[in-house]
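I have placed the structure first, in the form of structure tokens, so that the comments after it can refer back to it.
The values are calculated or read from the model by the stated rules, or taken from the named source; none is laboratory data. Quantities reported herein were computed from a predicted structural model and do not represent experimental measurements. Neighbour counts are summed over all protein chains in view; Cβ atoms, including those assigned to glycine, are modelled from backbone coordinates with ideal geometry.
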Amino acid sequence: MTTTTDIKIINDSDTQPSEHIDLPSSDFDSRETTSSRIVSRGFSKESQITDLDSFGTPNSIIHMDLDTFFVSCERLLEPKLNGKPVLVGGTSDRGVVSACSYEARQFGVHSAMPMRMAKQLCPEAIVIRGNSSIYSKYSNLVTDIIKEESPLYEKSSIDEFYIDITGMDRFHGSYKWASELRQRIMKETHLPISFGMSTSKTVSKVGTGEAKPNGQIQVLKGNEKNFLAPLSIKKIPMVGDKTYRKFRSMGIEKIQTVQEMPLELMERVFGKNGVVIWKKANGIDNSPVIPFHDRKSISSSLTFERDTIDVRKLKEILTTMAEKLAFYLRNGDKLTSIVTVTVRYSDFDTRSRQMRIPYTANDHTLIATVMNLFNQLYQRRVMARLVGVRFSGLVGGGYQINLFEDSERTIKLYQAMDKVRNRFGQGAVKRAVTMDTRGVGQTSNPFNGEAPVIPAHRRQ
């Protein structure tokens with residue numbers, strides 16, 4: 001039997017007047033308002049599958065997301081940007097929008113859109129190239145607060161967090177605790193942040209999206225299906241554009257339709273992913289909050305301002321990428337066994353080739369492998385738009401000595417080079433062939449346990 005109650009909408013000023021924080025209006029998007037909602041409607045057998053802790057208490061999972069994070073950081077640095085349409089991303093017409101303000105979204109602009117199209121839709125938009133170091137700084141400020149307050153948290157990206165506070169209701173109201181944490185983050189960082197709270201990561205993440213901008217929402221146990229039912233199927237995490245188009249070709253638009261479909265049919269149409277999507281649509285997600293991210297791969301890519309057919313230039317850039325990534329491997333005590341090189345031509349034809357090699361982290365082996373793959377790959381006499389290098393199959397381990405090629409001198413050379421780079425910066429020691437390549441590759445430690453800086457348009 002299904003019991004139903006009304007949805008209760010509560011303003012922060014009504015629930016916690018003594019703790020309500022009035023932040024300066026200049027710190028937030030002009031459209032953003034602080035709001036709170038508790039959803040308490042419906043119950044179904046499927047939603048009872050949600051895990052309970054050892055005391056029989058329902059899970060309490062929070063998903064927090066910093067609203068328009070890149071834009072919000074830029075506004076803290078330059079308050080004149082408040083209330084204006086702002087685009088963060090590649091500043092040239094070849095660039096892509098990584099983030100945009102709510103004012104820009106009113107014109108139809110969204111992340112992953114070509115910058116040229118975004119400028120046409122919103123000519124008055126202010127375009128900012130962005131600075132990953134600034135975003136990492138503010139992200140770390142928020143992380144420090146969450147780390148200090150939370151018993152268990154997962155940093156899933158530079159601006160997203162999952163927090164597991166299961167069992168806290170026995171001592172302190174979970175929703176009240178989450179609200180106080182959000183207020184503290186906003187007070188100390190002046191960044192807008194939203195959260196969703198439920199019994200699972202999936203429902204909490206969807207809830208955060210519904211709470212935006214700058215709001216919060218709790219989906220009580222038993223209401224997961226009813227909460228998800230009227231939403232677009234695209235709201236489910238892992239449903240990308242391709243999967244969404246397939247759903248639409250089947251006449252499916254709402255999550256409720258998927259909830260009513262037989263599991264066998266979903267599996268037959270979408271394979272194993274169909275089973276996962278069906279479970280998420282029904283609010284079933286037992287994935288745990290994982291506190292540490294062990295990187296499975298590291299990569300670097302570059303999109304050129306202008307397409308090029310200069311093979312020498314392409315090889316110099318690939319060498320720089322391989323050299324920097326190898327340095328990160330050694331610094332993180334990691335070894336790679338799979339090397340992949342990618343080339344995207346001016347007609348957007350993208351080709352990749354990979355090679356499995358013995359575990360290593362030394363420059364000369366990896367650079368030689370990258371060059372070998374590139375020579376096999378770059379066969380078309382067409383200008384290149386993008387090149388990239390990826391090292392995967394990572395395992396922990398130190399420098400692997402090749403008894404037939406490496407000498408004590410080679411080993412000491414790498415150790416000395418890495419010591420200089422760690423002290424004076426990555427660019428302190430470079431190969432002569434890479435002297436003219438700058439701004440290629442990431443600048444932060446990829447093995448610090450933190451989620452990588454990934455623009456919104458590149459997330460899945």
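Given the conditions (1) modelled with pLDDT under 90; (2) assigned to a helix (DSSP H, G or I), report the number of the one that residue 304 does not fulfil.
Answer for residue 304: the failing condition is (2).
Are there any helices (runs of 4 or more DSSP H) wholly within region 109-191 with 3 or more residues that are closer than 30 Å to residue 94 by Cα, and if so which? Give the steps one after another, and end with the answer.
On the way: elements: 115-121, 132-149, 174-189.
Output list reads 115-121, 132-149.
Do you know which residues across region 155-180 are surrounded by fewer than 21 Cβ atoms within 10 Å (Cβ to Cβ) and closer than 17 Å to residue 69 by Cβ?
Scanning region 155-180 gives 156, 157, 160.
Assess whether residue 163 counts as being modelled with pLDDT of 95 or more, touching a Ser or Thr at 6+ places or on another chain (Cβ under 6 Å) and either of a type in the set (D, E, K, R) or not assigned by TED's automatic domain parsing to the domain that holds residue 239 (or both).
Numbers: modelled with pLDDT of 95 or more: yes; touching a Ser or Thr at 6+ places or on another chain (Cβ under 6 Å): yes; either of a type in the set (D, E, K, R) or not assigned by TED's automatic domain parsing to the domain that holds residue 239 (or both): yes.
So residue 163 passes the test.
Can you tell me which residue in region 376-415 is modelled with the lowest pLDDT, limited to those that are exposed (fewer than 12 other Cβ atoms within 10 Å of the Cβ) and among the aliphatic types (A, V, I, L, M)?
It comes out as 403.
Does residue 317 qualify as being modelled with pLDDT of 95 or more, crowded, with 19+ Cβ neighbours inside 10 Å, touching a strand residue (DSSP E or B) at 6+ places or on another chain (Cβ under 8 Å) and not assigned by TED's automatic domain parsing to the domain that holds residue 155?
Values: modelled with pLDDT of 95 or more: no; crowded, with 19+ Cβ neighbours inside 10 Å: yes; touching a strand residue (DSSP E or B) at 6+ places or on another chain (Cβ under 8 Å): yes; not assigned by TED's automatic domain parsing to the domain that holds residue 155: yes.
Considered against the rule, which asks whether it is modelled with pLDDT of 95 or more, crowded, with 19+ Cβ neighbours inside 10 Å, touching a strand residue (DSSP E or B) at 6+ places or on another chain (Cβ under 8 Å) and not assigned by TED's automatic domain parsing to the domain that holds residue 155, residue 317 comes out as no.
What tally of residues in region 60-86 results from selecting those that are part of a strand (DSSP E or B), among the aliphatic types (A, V, I, L, M) and within 18 Å of the chain's Cα centre (by Cα)? Give the derivation first.
Initial filter on region 60-86 (part of a strand (DSSP E or B)): 61-66, 86.
Now narrow it down to the ones that are among the aliphatic types (A, V, I, L, M): 61-62, 64, 66, 86.
So of that shortlist, the ones also within 18 Å of the chain's Cα centre (by Cα) come out as 62, 64, 66.
Total meeting the criteria: 3.
So, residue 218, is that one in contact (Cβ under 8 Å) with a residue 40 or more places away in the chain and within 21 Å of residue 286 (Cα to Cα) or not? Write out each step before concluding.
Details: in contact (Cβ under 8 Å) with a residue 40 or more places away in the chain: yes; within 21 Å of residue 286 (Cα to Cα): yes.
So residue 218 passes the test.
Being among the hydroxyl-bearing types (Ser, Thr, Tyr) and surrounded by fewer than 16 Cβ atoms within 10 Å (Cβ to Cβ) is the filter; apply it to region 261-302 and report the residue that is nearest to residue 359 (Cα to Cα).
Start the filter on region 261-302 by keeping residues that are among the hydroxyl-bearing types (Ser, Thr, Tyr), which leaves 287, 297, 299-301.
Within this subset, residues satisfying the condition of being surrounded by fewer than 16 Cβ atoms within 10 Å (Cβ to Cβ) are 287, 297, 301.
Details: 287: 31, 297: 13, 301: 22 Å.
Per the criteria, the residue is 297.
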